[in-house]
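The values are calculated or read from the model by the stated rules, or taken from the named source; none is laboratory data. Computed from a predicted model, the values in this text were never measured in an experiment. All Cβ positions, glycine included, derive from the backbone under ideal geometry; neighbour counts span all protein chains shown.
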Amino acid sequence: MVSSSPAKGALERNRERVSFMIMPAMLLTSLGLVVQVADAVPTYDIRRTCKAAVTLAAGSEGRTVDSCVAGEETARKDLEKEWAKVPAAERTQCVGTVAVGGSPSYVELLICLEMMRDSRKHQEDERAAKTRKPVPVTPQKGLTN
């Protein structure tokens with residue numbers, strides 16, 4: 001019985017190592033699935049989304065399910081043109097944000113991505129401005145008279 005104790009201890013250590021190695025692999029796999037979801041424009045049930053939107057906007061003149069669907073289809077076409085150019089992290093974040101509430105919308109997704117793009121460009125401009133050296137101003141003759 002004493003001889004089985006070291007073997008049993010080694011077996012336990014091996015199980016712990018395997019468990020320790022499997023957890024990061026599972027995490028990486030699940031993260032890969034999140035990114036894959038955002039590789040293509042998601043498919044939404046826009047008729048259901050539009051019915052919910054029109055119901056919420058009861059009393060708004062000119063707002064019909066058909067006009068809403070037309071706007072959603074236009075937004076989807078715009079998304080399909082630009083999707084591959086949008087950074088994956090921004091796509092993933094906006095897809096997740098738009099899904100909150102249960103009535104995802106291509107118009108909302110497009111707006112989210114536009115805001116992310118504008119924010120990114122603003123941050124890039126600020127960084128570029130900080131790295132530029134100021135140009136010394138030299139007084140010109142005739143302007144001080």
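Residues are listed down the side, and each one gets a yes or a no for (1) surrounded by 17 or more Cβ atoms within 10 Å (Cβ to Cβ); (2) modelled with pLDDT under 95:
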| position | (1), (2) |
| --- | --- |
| A58 | no, yes |
| G62 | no, yes |
| R91 | yes, no |
| E108 | yes, no |
| I111 | no, no |
| R127 | no, yes |
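Of all residues in segment 50-96, those that are within 19 Å of M115 (Cβ to Cβ), without any contact (Cβ under 8 Å) to a residue 24 or more places away in the chain and of a type in the set (K, R) total 2.
So which of T74, T138 is among the polar types (S, T, N, Q) and either in contact with a strand residue (DSSP E or B) (Cβ under 9 Å, 6 or more places away or on another chain) or surrounded by 10 or more Cβ atoms within 10 Å (Cβ to Cβ) (or both)? Write out each step before concluding.
Numbers: T138 fails: either in contact with a strand residue (DSSP E or B) (Cβ under 9 Å, 6 or more places away or on another chain) or surrounded by 10 or more Cβ atoms within 10 Å (Cβ to Cβ) (or both).
Exactly one residue qualifies, and that residue is T74.
Residue-wise test of (1) touching a helix residue (DSSP H, G or I) at 6+ places or on another chain (Cβ under 7 Å); (2) aliphatic (A, V, I, L, M).
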{"position": "V41", "(1), (2)": "yes, yes"}
{"position": "V54", "(1), (2)": "yes, yes"}
{"position": "G62", "(1), (2)": "no, no"}
{"position": "C94", "(1), (2)": "yes, no"}
{"position": "G101", "(1), (2)": "no, no"}
{"position": "M116", "(1), (2)": "yes, yes"}
{"position": "H122", "(1), (2)": "no, no"}
